[in-house]
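So the structure is just underneath, and the comments pick up after that.
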Amino acid sequence: MTTKYDTVEVSVKRGDTLAQPFDITQNQLVTGSGDGRITWTGKDSSIKDIQIDLDASGTNSSTSVDVDDHLITVTVESSGDSPLATSAEVVAAVRGHTEASKLVSVTSAPGDGSGVVADEGPTNLTQPVDLSAYTITADVRKNPEDDPPVFANLAFTNDDKGNKFEVGRVVLNMTATQTGTMTQDYYFDIEATDDPTVLTLVKGRLVLDKDVTRS
């Protein structure tokens, strides 16, 4: 699962409210169901536009793979629009294709590969991470090792009216009063916790945007 941003800088205007969104994604997709599942994982997290298309339309005597830029199309062995190829057969075809195997790794796990795949796609490989089971928290410190934090519990997955943001979105919130006390740049991170799992989603600096012209 790829959930962590590179270290980021967030500009903060002293005395202004801050609501900085971050969209947390994973470079992984599961197609099919049961023993027909295939788990597709992107090999380069910087490539966000990989698409997977499993095409069982018509009648095809074998399974073949084609790559057009970042679109991976698997023409599935089929009969009258019904897929016949198993998950294991599709995995073998993708692994055997030079360009496709540069973009993704594939596995039939957690199934055994014996099930027939589904006709589906094109579907984006990069998917938002469902954080609904996690507790989201963020701390701000003058230095990463300082204790206690200057501000704590700043990240939210809901807005101030209780409405949920889009799946995978967290927002770093600071009030005007909080930013009004800033006199320097601070460090922050946002964590997702589902005991005992702790994921660092975002880390970086809050950069104080200081006025140059003064009346």
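So here's what we get for this one:
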quantity	calculated
Unique match (being modelled with pLDDT of 95 or more and under 30 Å from residue 155 (Cβ atoms)) among 50, 38	50
Matching residues in region 71-88 - criterion: being at negative phi, assigned to a loop (DSSP other than H, G, I, E, B) and free of Cβ contacts under 8 Å to residues at least 40 places away in the same chain	77, 84, 85
Matching residues in region 102-126 - criterion: being touching a Gly at 6+ places or on another chain (Cβ under 8 Å) and closer than 25 Å to residue 69 by Cβ	103, 104, 117, 118, 120, 125, 126
Unmet criterion (only one of (1) touching a strand residue (DSSP E or B) at 6+ places or on another chain (Cβ under 8 Å); (2) exposed (fewer than 14 other Cβ atoms within 10 Å of the Cβ); (3) not assigned by TED's automatic domain parsing to the domain that holds residue 198) for residue 133	(3)
Residue tally, condition surrounded by 20 or more Cβ atoms within 10 Å (Cβ to Cβ) and either of a type in the set (Phe, Trp, Tyr) or out of contact with any helix residue (DSSP H, G or I) (no Cβ under 8 Å at 6 or more places or on another chain) (or both), over region 90-130	6
Check on residue 164, in the same structural domain as residue 198 (by TED's automatic domain parsing) and either surrounded by 14 or more Cβ atoms within 10 Å (Cβ to Cβ) or at pLDDT 90 or above (or both)	no
Any hit, region 147-155, residues being surrounded by 19 or more Cβ atoms within 10 Å (Cβ to Cβ) and of a type in the set (Gly, Ala, Ser)	yes
Candidate set from region 89-132 (those that are of a type in the set (S, T, N, Q) and assigned to a loop (DSSP other than H, G, I, E, B)); member that is modelled with the lowest pLDDT	132
Among the candidates 167, 140, 198, residue that is without any contact (Cβ under 8 Å) to a residue 40 or more places away in the chain, farther than 30 Å from residue 87 by Cα and not in a helix (DSSP H, G or I)	198
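Yes or no, residue by residue, for (1) of a type in the set (D, E, K, R); (2) touching an Asp or Glu at 6+ places or on another chain (Cβ under 6 Å); (3) more than 30 Å from residue 179 (Cα to Cα):
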residue	(1), (2), (3)
23	yes, no, no
28	no, no, yes
44	yes, no, yes
49	yes, no, yes
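The values are calculated or read from the model by the stated rules, or taken from the named source; none is laboratory data. Keep in mind it's a predicted model, so treat the numbers as computed, not measured. Note: ideal-geometry Cβ built from the backbone for every residue, glycine included; neighbour counts use all protein chains shown.
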